[in-house]
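Here the structure is laid out as structure tokens; the discussion comes afterwards.
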Amino acid sequence: MQPLGPFRFLLISVAGWINQHQRDVIDYLQEENRILRDQLGNKRPRLTDDQRRRLALKANKLGRKVLAKLDTLFTPNTLLGWHRKLIARKYDGSRKRGPGRPQVMEQIRELIVKFAEENGTWGYTRIRGALANLGYRVGRNTIARTLKEHGIEPAPERCKKTSWKQFLEAHWEVLAAADFFTVELWTPTGLVRVVVLFVIELSTRRVEIAGISTKPDRAWMTQVARNLTDVEDGFLAGKKYLIHDRDPLFTAEFRETLAAAEIESVRLPARSPNLNAYAERFVRTIKESCLERLILFGEQSLRRAIEEFVVHLWSAIIPSEPHAATCSSQYS
């Protein structure tokens with residue numbers, strides 16, 4: 001056996017030292033991973049796509065057996081799974097694919113919805129015919145899908161229901177709405193809250209102050225209903241519907257008096273002021289433009305302020321009308 005030469009011995013020593021150094025580095029990194037994993041507990045670190053890509057490339061070079069021996073934060077299956085996804089992404093051609101059949105033009109979709117909303121009895125075939133008259137050829141399935149996307153039911157079900165908008169449009173000339181608002185008045189005994197009841201004619205926005213009271217009750221509301229439905233000069237003469245909320249002051253006696261005059265009381269759902277928007281807007285207008293700008297002493301000053309305000313609205317819209325001091329006015 002020949003003895004090792006000095007150079008060869010030195011080379012083997014350096015190689016052994018490097019190998020030992022690499023094992024020490026690996027041992028340190030593994031111990032660092034264990035500590036990090038203990039700190040995380042059951043939580044798994046969230047990596048970005050770039051971090052996953054880098055780990056996946058390194059893991060693929062080592063292979064499953066080597067990875068199984070290492071105490072890594074992620075299992076070999078996870079690391080190699082990331083690598084398989086990288087390969088699959090390389091050959092993913094979904095971005096180059098077309099959208100398939102072109103979607104219906106937005107203008108046609110709007111026409112389909114419009115025809116269905118404005119014509120409750122029109123089915124798919126009738127809508128299809130109307131589109132054909134305009135030069136559009138659309139299939140029944142396309143019409144059905146478009147209506148379903150917009151939450152519109154088929155004709156047999158749609159014609160059984162009447163939307164609030166359709167109800168208003170169909171009965172515009174015979175509709176009125178009622179509501180209350182309150183005002184704080186100064187009296188010899190201090191501040192007193194006064195309740196004001198008004199009625200608004202929706203087709204013209206004409207307003208009638210039906211009553212003002214500090215203690216509105218059932219009897220007062222019944223008398224107000226009699227005044228409003230008076231045959232000769234009642235504000236609701238010729239009306240068929242009165243819209244109002246579920247305020248307890250709209251008592252059963254109040255509604256019965258309206259029914260006796262062939263006026264149907266339309267009670268709105270709870271907490272739906274948008275369904276009585278015209279009345280709500282009048283309340284806002286009279287408060288912001290008049291009542292909140294005044295310090296009112298006594299009920300008489302309130303009546304005078306309201307009368308002058310509604311006369312002002314009347315004269316602003318119809319200047320040719322005489323400025324009679326009444327509690328009715330044209331409102332817009």
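Observations, loosely collected:
- F167 satisfies every condition listed in (1) at pLDDT 85 or above; (2) part of a helix (DSSP H, G or I); (3) within 30 Å of L249 (Cβ to Cβ) except (1).
- Residue that is nearest to E264 (Cα to Cα) [pool: residues in the range 203-246 that are surrounded by 15 or more Cβ atoms within 10 Å (Cβ to Cβ) and of a type in the set (D, E)]: D245
- Residue identified as part of a strand (DSSP E or B) and over 34 Å from the mean Cα position of the chain (by Cα) among V199, V183, V194: V194
- Tabulated pairs, the range 198-210, first touching a residue at least 24 places away in the same chain (Cβ under 8 Å) and over 12 Å from D179 (Cα atoms), second among the polar types (S, T, N, Q) and not in a strand (DSSP E or B), C-beta under 9 angstrom, 6+ apart or interchain: T204/S332; R205/S332
- Residue match in the range 119-136 (condition: over 23 Å from K165 (Cβ atoms), in contact with a helix residue (DSSP H, G or I) (Cβ under 8 Å, 6 or more places away or on another chain) and either of a type in the set (D, E) or not in a helix (DSSP H, G or I) (or both)): yes
- Residue within the range 235-255 that is of a type outside the set (S, T, Y), over 14 Å from A178 (Cα atoms) and assigned to a loop (DSSP other than H, G, I, E, B) present: yes
- Whichever residue in the range 188-215 is among the polar types (S, T, N, Q) and at pLDDT below 90 and, among such residues, is farthest from F309 (Cα to Cα): T189
- Checking A225 against (1) closer than 30 Å to E118 by Cβ; (2) assigned to a helix (DSSP H, G or I), the condition it does not meet: (1)
- Residue, modelled with the lowest pLDDT, within the range 170-180, restricted to residues that are not in a helix (DSSP H, G or I) and not hydrophobic (A, V, I, L, M, F, W, C): H171
The values are calculated or read from the model by the stated rules, or taken from the named source; none is laboratory data. As the structure is a computational prediction, the values presented were derived from the model and not from experiment. Quick reminder, even Gly has a Cβ in these numbers, built from the backbone with ideal geometry, and neighbours come from all protein chains shown.
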